[in-house]
Structure formats: C-alpha cells, structure tokens
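**Student:** Got a structure for you, written out below as structure tokens; questions coming shortly.
The values are calculated or read from the model by the stated rules, or taken from the named source; none is laboratory data. Just so it is clear, the model here is predicted, and its values are computed rather than measured. Cβ sites come from the backbone with ideal geometry, for glycine too, and all protein chains shown count toward neighbours.
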Amino acid sequence: MENIGIYKSLVAQLDRLARHNRQGSYRTKERYYEAEKRFCAFLAEEYRLQKLANVSGKHLVSYVLFMQEQGKSASTVKTELAAIRFFHDKIENAKYRLPDNSELGIELERRSFGGVDRTWSETEFETMLDLALQGEREDYVLAFCLGRLAGLRIHECFRIDTAIAEKALRENAITIKGKGGKIRTVPIENERITLMLRKRLAVTKRGHKLMVPDDIRTDVAITELQQFIAAHRYIIQDEESDRPLTFHGLRHTYAVEKYKALITAGKTDLDAHYEVSRLLGHERPDVTDIYLASLVGTGERNQGGKTALCVDVEQPSGTPAYNVGTL
C-alpha cells in the first residue's frame with residue numbers, strides 16, 4: 001500500500017469509534033469492523049482521505065463499483081455498506097449524510113462467483129457500440145473497446161488522460177494504474193482502440209481525462225456509463241441468453257479470447273494462464289479461472305494436448321479488497 005500512513009490514521013479513528021460500541025453481537029461487531037478497515041484501505045489508496053468524518057456519497061459509489069469489479073455478490077456489497085453506515089452514524093461531526101442503497105444510482109445486482117459465463121457475444125458487443133454511436137457517445141465507444149479489446153477495468157478506462165493516451169499511441173500499448181496502485185502495460189492489438197484514442201484526443205484539452213467531462217466528477221461519469229449499459233442490456237442481449245451483461249463482462253470476453261489465442265500459438269495451459277493473469281492485473285493466476293468460466297466443460301482448456309480441469313475459485317465474502325494483513 002502506497003499510503004500506509006493515511007490508512008493507519010483512518011484505522012485509529014475507527015478504533016476510537018469501535019472502542020465505545022456496544023451494539024450488535026460479537027460476530028457482527030467483528031464483521032463490521034473488518035469491513036470498515038477494508039473501506040479505510042480503499043479511502044487511503046484511492047482518495048487519500050484523511051478523516052472518516054469527510055466520507056460522502058461519492059466515496060460509497062466508487063467503493064461499490066470497486067467491489068463489483070472484484071465480482072463481489074450483491075449480499076456482500078450490501079453488508080459492507082451496512083458496516084460503513086453503522087460506523088458513520090457514530091461520528092458526531094460527520095460532514096455528510098450517506099445516501100441509502102436506493103439513492104446510490106447503482107444497480108446492486110445479484111452476482112455470483114466462478115462458474116458464471118459473463119462474456120459478451122460479438123453481436124451484443126457490436127450492437128452496444130452502435131447504440132453508443134447513435135447517442136453520440138464516442139467516449140462510451142472507447143470505454144467499451146478498452147474493456148473488450150484490452151481487458152481494462154471501468155475505473156482504469158476513466159483514469160486515462162491525454163498524457164496516458166499520447167504515450168499509448170507512441171508505444172502501441174497502454175500503461176495504466178490499476179487496483180491497489182498496481183501498474184501494468186497492455187499491448188494495443190486492435191486498431192479500434194487506436195482510432196478512438198485519436199478521436200478523443202482531438203476533442204480533449206491537454207491534461208484532461210478523455211472520458212470525464214470537466215463539469216462532472218469521475219464517479220458520476222462511471223455511474224452514467226453503467227446506467228447506459230443497464231438501460232440497453234435487455235435490448236442487445238442475444239435471444240434466450242441469460243448471461244449477465246455488465247462492463248466487467250467485457251474483461252471476461254477479453255480473457256477468454258486471449259487465452260484461446262495463446263493456446264493456439266502453442267502455449268501450455270499454465271503459461272497461458274499466467275499471461276492472461278498478468279494482462280488482467282491479477283497477482284494470483286487462480287483468480288483468472290473466474291474469467292474463464294465459459295470454457296468449463298467445453299474442452300477448450302488444454303495442457304500438453306490434454307483437457308485440463310478449470311477449477312473456479314470462490315473468494316470468500318470476507319476477503320479484503322486490499323491485503324491489509326501484510327501492511
């Protein structure tokens with residue numbers, strides 16, 4: 001963690017609140033405390049927030065999106081939010097009132113871990129691009145292409161500014177700061193990304209973000225894109241398909257196609273796994289199994305010419321968003 005000092009300060013504030021708490025069972029108090037510590041780690045890394053009293057709705061929205069990007073279930077997300085609100089209510093000088101779930105403007109949809117095919121078909125992807133173009137949202141087209149063709153997270157797409165874009169065009173690769181401050185470089189292997197980067201650069205002031213208008217916050221821009229997907233997913237979805245179409249599903253699609261391409265090129269299952277894991281920005285290759293769920297039982301997971309088992313790894317609901325145990 002880069003901002004360890006801020007994190008420790010926030011936890012110290014949390015400890016003062018928890019010390020005087022008499023509400024709830026021992027198990028609930030422990031669960032809420034650990035959830036708030038994870039939130040403190042997120043606040044320190046993403047916002048460098050100094051005081052829990054200054055937590056606002058935008059922090060909640062950003063944290064929900066972060067948890068959804070991790071594939072957390074709706075029940076887990078709601079429990080984490082309940083813990084955050086629980087401690088926020090105990091702050092005497094809280095600066096803001098936190099919105100309830102209905103006011104967040106984010107769909108807290110039911111999510112499950114490995115074993116769920118979240119990939120988009122080519123028809124679904126192309127139709128969504130057409131809808132974005134019809135709405136004159138070339139920024140959305142760029143975001144969709146970055147998710148589908150480069151495996152970027154939604155937060156990573158919205159972090160791209162003119163400097164990052166210009167460097168990407170020079171090097172034909174995108175260097176991006178991802179979850180937990182981890183930096184990775186992803187090659188640009190599709191001309192659509194190059195084309196859309198150039199188009200957005202042409203209409204973006206130097207030093208500004210390509211997909212965030214100057215008059216709105218980044219978290220609001222992200223929420224609006226998610227709402228665009230939610231409003232159109234049932235229109236574009238393949239007939240009789242029950243696959244959940246989310247932005248994160250574009251990363252699943254990228255992972256599956258990249259894995260297949262590596263296997264076709266002669267890579268072993270293990271080598272392909274590690275390469276896909278690196279490109280996605282994961283430190284644990286086994287987590288990549290979640291992204292390859294659509295290949296389970298298809299015989300497309302191969303190692304040395306033999307079908308390999310794809311074991312879907314379920315991260316327990318208590319798994320920290322940041323590895324605070326190693327601080």
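**Student:** Could you check how many residues of the stretch 160-203 are part of a strand (DSSP E or B) and either touching a Leu at 6+ places or on another chain (Cβ under 6 Å) or without any contact (Cβ under 8 Å) to a residue 12 or more places away in the chain (or both)?
**Tutor:** Total satisfying the criteria: 3.
**Student:** Just checking, which of 74, 18, 41 is touching a residue at least 60 places away in the same chain (Cβ under 8 Å), among the small types (Gly, Ala, Ser) and touching a Lys or Arg at 6+ places or on another chain (Cβ under 8 Å)?
**Tutor:** Going through 74, 18, 41 in turn, the sole match is 18.
**Student:** Let me ask something else about it. Go through the residues of the stretch 195-210 one by one and say whether even a single one is touching a strand residue (DSSP E or B) at 6+ places or on another chain (Cβ under 8 Å) and on the phi > 0 side of the Ramachandran plot.
**Tutor:** yes
**Student:** If I filter the stretch 225-239 for residues that are surrounded by 14 or more Cβ atoms within 10 Å (Cβ to Cβ), modelled with pLDDT of 95 or more, in contact with a helix residue (DSSP H, G or I) (Cβ under 8 Å, 6 or more places away or on another chain) and of a type in the set (A, V, I, L, M), do I get at least one hit?
**Tutor:** no
**Student:** Test residue 138 against the stated conditions and say whether it is more than 17 Å from the chain's Cα centre (by Cα) and surrounded by 15 or more Cβ atoms within 10 Å (Cβ to Cβ).
**Tutor:** Yes, satisfied.
**Student:** Okay, moving on. Run down 265, 221, 272 and say which single residue is farther than 19 Å from residue 152 by Cα and of a type in the set (Gly, Ala, Ser).
**Tutor:** Every option except 265 fails the conditions.
**Student:** What about residue 206, is it of a type in the set (D, E, K, R), in contact (Cβ under 8 Å) with a residue 24 or more places away in the chain and assigned to a helix (DSSP H, G or I)?
**Tutor:** Judged against the criteria, residue 206 is not a match.
**Student:** Here's another thing I want to ask about it. Given 109, 156, which one is surrounded by fewer than 16 Cβ atoms within 10 Å (Cβ to Cβ), under 16 Å from the mean Cα position of the chain (by Cα) and at pLDDT below 95?
**Tutor:** 109
**Student:** Okay, next question. Being small (Gly, Ala, Ser) and touching a residue at least 60 places away in the same chain (Cβ under 8 Å) narrows it down to one of 255, 265, so name that one.
**Tutor:** After applying the criteria, what remains is 255.
**Student:** Being surrounded by 20 or more Cβ atoms within 10 Å (Cβ to Cβ) and closer than 16 Å to residue 81 by Cβ, is that true of even one residue in the stretch 1-20?
**Tutor:** No, because not a single residue in the stretch 1-20 is surrounded by 20 or more Cβ atoms within 10 Å (Cβ to Cβ) and closer than 16 Å to residue 81 by Cβ.
**Student:** A follow-up question, please. Please work out if residue 148 is touching a helix residue (DSSP H, G or I) at 6+ places or on another chain (Cβ under 9 Å) and either within 15 Å of residue 229 (Cβ to Cβ) or aromatic (Phe, Trp, Tyr) (or both).
**Tutor:** yes
**Student:** Within the stretch 14-96, considering only helices (runs of 4 or more DSSP H) that don't extend past its boundaries, which have at least 2 residues that are touching a Phe, Trp or Tyr at 6+ places or on another chain (Cβ under 6 Å)?
**Tutor:** Of the helices (runs of 4 or more DSSP H) lying wholly inside the stretch 14-96, those with at least 2 residues that are touching a Phe, Trp or Tyr at 6+ places or on another chain (Cβ under 6 Å) span 26-46, 74-88.
Let's see how each residue does on (1) of a type in the set (S, T, N, Q); (2) over 16 Å from residue 123 (Cα atoms); (3) part of a loop (DSSP other than H, G, I, E, B); (4) under 16 Å from the mean Cα position of the chain (by Cα):
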position: 234; (1), (2), (3), (4): no, no, no, no
position: 238; (1), (2), (3), (4): no, no, yes, no
position: 242; (1), (2), (3), (4): no, no, yes, no
position: 250; (1), (2), (3), (4): no, no, no, yes
position: 254; (1), (2), (3), (4): no, no, no, yes
position: 261; (1), (2), (3), (4): no, yes, no, no
position: 270; (1), (2), (3), (4): no, yes, no, no
position: 273; (1), (2), (3), (4): no, yes, no, no
